[in-house]
1. On the basis of being closer than 20 Å to residue 68 by Cβ, under 25 Å from the mean Cα position of the chain (by Cα) and among the polar types (S, T, N, Q), does residue 114 make the cut?
2. Among the residues of region 113-127, write down those that are in a loop (DSSP other than H, G, I, E, B), free of Cβ contacts under 8 Å to residues at least 40 places away in the same chain and either among the aliphatic types (A, V, I, L, M) or surrounded by 19 or more Cβ atoms within 10 Å (Cβ to Cβ) (or both).
3. I'm told residue 227 meets every condition in (1) within 16 Å of the ligand (Cβ to nearest atom); (2) among the acidic types (Asp, Glu); (3) more than 29 Å from the chain's Cα centre (by Cα) except one. Can you identify the failing condition by its number?
4. Restricting to region 111-127, count the residues that are within 8 Å of the ligand (Cβ to nearest atom) and aromatic (Phe, Trp, Tyr).
5. Pull out all pairs, ordered by first then second residue, where Cβ-Cβ is under 6 Å, the residues are six or more apart or on different chains, the first lies in region 417-439 and is over 24 Å from residue 484 (Cα atoms), and the second is among the acidic types (Asp, Glu) and part of a helix (DSSP H, G or I).
6. Report, by residue number, each residue of region 250-274 that is more than 25 Å from residue 529 (Cβ to Cβ), in contact (Cβ under 8 Å) with a residue 60 or more places away in the chain and either surrounded by fewer than 20 Cβ atoms within 10 Å (Cβ to Cβ) or of a type in the set (Asp, Glu) (or both).
7. State yes or no: is residue 492 touching a residue at least 24 places away in the same chain (Cβ under 8 Å), farther than 19 Å from residue 304 by Cα and acidic (Asp, Glu)?
Amino acid sequence: MRRSFFIAWLAWVLTLPAHAQTNLWQLANQCASVHRFSTIFTAQDVLNCLSTDAGIEAAVDWCKASGITHVFLEEYRDGYLADRATLQRARDRFRAAGFLVSGSVTTTIIGKPSNGWGPEVCCYTDQPTQAKLQTLFEYAAGLFDEIIVDDYFFCDCTCDNCDAARQAERVTVGDKTYRVEGDSWGEYHRALMLHVSQDRVLAAARKVNPKVRLIIKYPQWYDMYQERGYDVARQTAAFDRIWVGTETRDYTNEAHWGGTAQYAAYFLMRWLGGIGGDKCGGGWYDSFGTTPPYYIEQARQTILAGARESLLFCYGSLNLAPQTTFPPSMPWPTPPGPAATAAVRAARPGVLAVARAVRRRRPIGIAVYKPINSRGGPDSRIFDFLGMMGLPLVPFHQFPTNAPAAIFTLQAYADPNLAAEINDYNKGAHPVLLTGTLAALLSPQIHLPAPNIRAINFPRQLDYLLVQRQAALEDFRAPLLNALHVTFNAPDQVALYLFSPDGWVVENFNNEPVTAVLNGKDLKIAARGWVCHWN
Ligand SMILES: [Zn+2]
């Protein structure tokens, strides 16, 4: 009896890992129309991890165990072009195993380096660099029907050749010349990247493969797009799909790209989601500079913001030692990849349930307005901090005419009709908050003072907003929340997300548990936890 019990127990234990894997893979396939998880094999991962049948089988197993149903196999990165036969064999094996399979190109170290960012980023005024870029996309389009372009596809070069073209207000791509409207660096870089995208990437790839769809991934540094050549209006129109960098990482990590507040991922995913509409594919984050709680926060932000897919960068860093992914010359940190993988696997059923609830609702809250190609100046990244203060934000790229309450920052000044629009908006007596920087520029043209308008001088640096006293927080939030018929009391760094119909999420970014009160209801929220409500 005891012996047979032991054998039954042993048999059960032995089947556990396979059983758990099957469930996550099955769950992922069941939820694919709501939200999909994907990963990317960098060109170096293709070499190191997919060159043998055993490597491919291990990768298939890892993806299935991770509930990943879409893989991107990269053709080029950092000077390395992945082998065609290796890519074909891995592509076909993944397809046969039931995965969606796409390609990828990372436009680093191609030809002439930019004199700005560093060696990874290129001078696209340079014709041989443009020609090399074209060959990479022709190669990728010969292998895949969908190709994602990682977020190094920009230009901040100000070399003599770039400067001459800028001053002449001309962009030259191959044998074509395009006129640029204006002679600022931002205008030149945006026109350059648009026409290089159209001629050297999109047209070139479609000539090789008429079915190919190109995805442009926009970086997480949204207030700098317009200077470095990302034009989210014209490039989103030109590309087939867009993707969003939601890699906020650990705010306090000084060694590895810290300093981005977690709410940035939510703001950006929503802002670009509004611009891209159905073209918006998903978010993209990695484990660099994170610990598991920060990694999971990236997953939550991406899903709360309505993404249809989460791309986990990258197989090599999540599964193996980092030196197998990046050239040893690059000072990449050791990522806690396996820990991040375990965390995101464990969190999967919960985040998928939230994804399902979010996809059936629309966000409601306080409008914030960032026109396309707008600068942040001293208000750069302010939306991230406002969200961390417990204000439920709804990002707009056009003036939020019908919003119940609004915050206007320096970014809005890019709208030439802003003063008239704010004066019109005020006729509805909605609560309005202006940053001091914007109020100073607008004050001759808008009707100040008005009882519903407050101008606030925010601290410099803005990260002082993360440690506000309770009384200051209440005073700051209450008039705006009143317009939403919501009361919310919580410490700083507790975010509130409101959805219609009848949904809300309160997320605690503090390292301690907190108590919050939402519409009179007491909520106890674990350290770095969240509470979700759906009716
Ligand atoms: Zn240049």
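The values are calculated or read from the model by the stated rules, or taken from the named source; none is laboratory data. Small disclaimer: the values here were computed from a predicted structure and weren't measured. Cβ: placed from backbone, ideal geometry, glycine included. Neighbour counts: every protein chain shown.
1. no
2. Of everything in region 113-127, those that are in a loop (DSSP other than H, G, I, E, B), free of Cβ contacts under 8 Å to residues at least 40 places away in the same chain and either among the aliphatic types (A, V, I, L, M) or surrounded by 19 or more Cβ atoms within 10 Å (Cβ to Cβ) (or both) turn out to be 121, 123, 126.
3. (3)
4. Looking only at that region, the number is 1.
5. 437/379
6. 255, 274
7. Yes.
Residues are listed down the side, and each one gets a yes or a no for (1) crowded, with 16+ Cβ neighbours inside 10 Å; (2) more than 16 Å from residue 368 (Cβ to Cβ); (3) touching a Phe, Trp or Tyr at 6+ places or on another chain (Cβ under 9 Å); (4) at pLDDT below 95:
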position	(1), (2), (3), (4)
417	no, yes, yes, no
429	no, yes, no, yes
435	yes, no, yes, no
438	yes, no, yes, no
